[in-house]
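Here the structure comes first, spelled out in structure tokens, and everything after it is commentary.
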Amino acid sequence: MKALVSKPHLLSRVATLALGKTIGGPAAEFTDVPEPTISPNEILVKVRAVALNPTDHMHIDVISPPGSTIGCDYAGEVAKVGGNAVKAWSVGDRVAGVVHGGLVPGRGAFAEYLKIDSDLAWKVPDDVDDAAAATFGVSAATAMLALNCRLGLPYPGEEQDIRRQQTAPAIFIYAGSTAAGLFTIQTAKLAGYTVVTTASPHSTDLVKSYGADAVFDYHDPDVATAITKQYPDISIAVDCFSKGKSFGISDEVLKNSKGKLITLLQPPKPKYPGVEHELILAYTLFGHAFQWLPPVGPKWPALPDDRKALARFYATLPQLVGSKKLRAPPVLLEEGGWNGILTGLDKLRAGKVSGGKIVVKL
Ligand SMILES: NC(=O)c1ccc[n+]([C@@H]2O[C@H](COP(=O)([O-])OP(=O)(O)OC[C@H]3O[C@@H](n4cnc5c(N)ncnc54)[C@H](OP(=O)(O)O)[C@@H]3O)[C@@H](O)[C@H]2O)c1
């Protein structure tokens, strides 16, 4: 079958790390590889649409060992069902989700077929098309990991307790118009929180339409002061951009209450005593230990509770999506079939994506 597979590219990796830009063309190419064989707990999926994430090009450019299948987010159709999964799945069911792409051969979404544990995928309702379904991968799972697993907000469907409080507590979500941000806003609203976020002026209506209560322009050099003037007691935040000035702005917002910030990329030390930073990675949701750039790169332990959380999230997602409680971000369709994956990733690399999720139909 056809798949996007990483190439040996040590020099280009070093250059990417040192210069911050890719040289020598993409370090992945479309290759014929064996169709994955499934275990009794897995299903085989015929991939119909994929959504693109910054992590995909970060894997191609720096992280992936040669021979790894790239890509995480997918929607498609069940093609084979493992013996232990026959109660939950049938051949022909519509399915979507996320895989740990870019780490090993044979497990990645940018392929004709992929395999996934049968409880780590969700059944797509009839009225949701493949393109929209494919967006509920890395970004949606990351919002759940940040809010429900790490910050302890009630899971969607368990929001009653907090709604009984008279004043909804506030949460700060830096970069609400990122795909991760749009899911984080919605998940925080479902938990009953007042959402304070940042976005460009051109994204203000978008983030409000996904539930943001207050929106501040991150280009304003005094944005943190403007936020703390109106919301002086915010104690939890998620930084859905996690680069450059984002950490400092979030620290400023959390300074008064010595709060906790969840970051999606490696943060610097907090600017103020008492403020806490915690880096999360969507990949821990698969429940296995892994390492990037062995033998020297960072290692992550197996976190079985994260895996349970992803299974729980995907079990409830058909109802959440069907009832429109959780909506896909705007879909930015990239034409060109397989080649659309490469052109779409170039747009993400260049920071040219705003207010939506690039999806490619295969
Ligand atoms: N740790 C994890 O597991 C994990 C998971 C998902 C994502 N991430 C990381 O989180 C980040 C967001 O990913 P994504 O896929 O959600 O991004 P995305 O949708 O591709 O982000 C595009 C958005 O970034 C916003 N933006 C650009 N420059 C900004 C700045 N200086 N400050 C604030 N916002 C800015 C733009 O907002 P405006 O148009 O409104 O300016 C645009 O809408 C990436 O760095 C990604 O690698 C990590």
Taking the stretch 190-223 and keeping residues farther than 27 Å from K325 by Cβ and either within 13 Å of the ligand (Cβ to nearest atom) or touching a strand residue (DSSP E or B) at 6+ places or on another chain (Cβ under 7 Å) (or both) leaves P201, D217, Y218, H219, D220, P221, V223
When the residues of the stretch 267-289 are narrowed to those that are in contact with a Pro (Cβ under 9 Å, 6 or more places away or on another chain) and without any contact (Cβ under 8 Å) to a residue 60 or more places away in the chain, which ends up most open to solvent (accessible area, probe 1.4 Å)? E276
Out of S242, S209, S250, S203, I need the residue that is under 27 Å from G157 (Cα atoms) and not assigned by TED's automatic domain parsing to the domain that holds V99. Which one? S209
Within the stretch 347-362, take every residue that is under 18 Å from the mean Cα position of the chain (by Cα) and not in a loop (DSSP other than H, G, I, E, B) and give me the one that is farthest from the ligand (Cβ to nearest atom). V360
Within the stretch 62-78, residues of a type outside the set (S, T, N, Q), surrounded by 20 or more Cβ atoms within 10 Å (Cβ to Cβ) and within 17 Å of A3 (Cα to Cα) come out as I70, G71, C72, D73, Y74, A75, G76
Take P304 and decide whether it is more than 15 Å from the ligand (Cβ to nearest atom) and closer than 21 Å to V99 by Cβ. yes
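Per-residue answers, yes or no, for (1) of a type outside the set (S, T, N, Q); (2) touching a helix residue (DSSP H, G or I) at 6+ places or on another chain (Cβ under 9 Å):
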| position | (1), (2) |
| --- | --- |
| F30 | yes, yes |
| P40 | yes, yes |
| V45 | yes, no |
| N53 | no, yes |
| I63 | yes, yes |
| C72 | yes, yes |
| A75 | yes, yes |
| L103 | yes, yes |
Does the stretch 74-83 include one or more residues that are of a type in the set (K, R) and in contact (Cβ under 8 Å) with a residue 60 or more places away in the chain? no
Answer from G274, G336 - the residue that is of a type in the set (G, A, S), part of a loop (DSSP other than H, G, I, E, B) and assigned by TED's automatic domain parsing to the domain that holds T197: G274
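The values are calculated or read from the model by the stated rules, or taken from the named source; none is laboratory data. The structure displayed is predicted, hence computed values, not measured ones. So basically every Cβ, Gly included, is an ideal-geometry build from the backbone, and we count neighbours across all protein chains shown. When the accessible area is computed, the model is the full protein with side chains, heavy atoms only, and any ligands, DNA or RNA have been set aside. Shrake-Rupley method; radii C 1.70, N 1.55, O 1.52, S 1.80 Å.
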